[in-house]
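First comes the structure, then the notes that go with it.
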Amino acid sequence: MKFGNLYVDGKVWKNIGDDMMIFSIFNLYRHMGIDLNDVARIPVSALRTYDGEDVLLPINFPFYGLFRLSPKIHPVFLATSVLHESVAEYMELKKYEPIGCRDIYTYHTLRKAGLDAYLNGCMTITLPRQDLPQGRDKVFFIDVPDELKPFIPAELLENAEFDTQNYFDESALAADEKFTYARYKRYIKEAKLIVTSRLHCALPCAAAGIPTIIT
């Protein structure tokens, strides 16, 4: 049996926060001393149909649709989200207990459904602390709601950059894992502050040691 990790494929919409969730599992493997070159990559679109070598797959990812995992995938649910207990029932989560939950709603939903569940939060908070360089002077506003913008202090706008984690169509195809990693490294190199509505921007940046505000 091999160790595995997900990758996001074939989407007309991409939130690069998905890649950050996947990076956190690679970080876990590094702590375990596992050679990342030996880790099998499973596309999210193939979770039902995967038919390769059996894979042990840590899960730090949401499941909102009704589908079952391939019998060749042996999941360890470290941090997942579901929208309704019907998802848990359809995915037969009982046989994968205990189930780590990313959020309190999922925890209560799975406990109500009779599952052994625990609240773990998202694994992106376990990404490594960084040696942040001196001279970081940029404020990044990532997917900040328009309603908030009139209240941003003027001094934070003097060297600010507004950006998004969401990409669509051809831009989504270009927003691959290398793109996401380069963006994260830029935050580490340049950001004196991150202001964001995106959990998987906020948690990795806070883990790195960057001052971060969740809007």
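General observations
- Of the peptides 176-188, 87-99, 156-168, the ranking by mean beta-carbon count within 10 Å, highest at the top, reads 87-99, 176-188, 156-168.
- A simple rule links phi to the HN-Hα coupling: the Karplus curve 6.51 cos²θ - 1.76 cosθ + 1.60 with θ = phi - 60°, which for region 160-177 gives 10, 9, 9, 8, 9, 9, 9, 9, 10, 6, 4, 5, 5, 5, 6, 7, 8, 5 Hz, with x for Gly and Pro.
- What the Cβ-Cβ distance of residue 168 and residue 104 gives, at R0 = 25 Å and to the nearest 0.05, is a FRET efficiency of 0.25.
- Accessible surface of the chain, 1.4 Å probe, proportion on carbon and sulfur as whole %: 55 percent
- Point-to-point label distance, residue 147-residue 7, nm (Cα→Cβ direction, 7 Å offset): 3.9 nm
- Between residue 157 and residue 64, the modelled label-to-label distance comes to 3.2 nm, taking each label 7 Å out from Cα in the direction of the beta carbon.
- Amide H contacts of residue 77 (H built 1.01 Å from N, under 5 Å, at least 5 apart or other chain): 59, 100
- Ranked packing of 191-201, 133-143, most packed first, by mean Cβ within 10 Å: 191-201, 133-143
- Solvent-accessible heavy-atom area per residue, rounded to whole Å², over the chain at 1.4 Å: 52 Å²
- The charge dipole of the chain, taken about the Cα centre with unit charges on the Cβ atoms of Lys, Arg (+1) and Asp, Glu (-1), comes to about 380 debye, rounded to the nearest 20.
- Residue with peak Gaussian network fluctuation, the chain [Cα springs, cutoff 10 Å], from 33, 100, 17: 33
- For region 83-92, 3J(HN,Hα) per residue [Karplus equation, 6.51 cos²θ - 1.76 cosθ + 1.60, θ = phi - 60°, Hz, x = Gly/Pro]: 8, 7, 4, 5, 5, 4, 5, 5, 7, 6
The values are calculated or read from the model by the stated rules, or taken from the named source; none is laboratory data. Keep in mind it's a predicted model, so treat the numbers as computed, not measured. Note: ideal-geometry Cβ built from the backbone for every residue, glycine included; neighbour counts use all protein chains shown. These area figures cover heavy atoms from the full protein model, side chains too; ligands, DNA and RNA do not enter into them. Shrake-Rupley method; radii C 1.70, N 1.55, O 1.52, S 1.80 Å.
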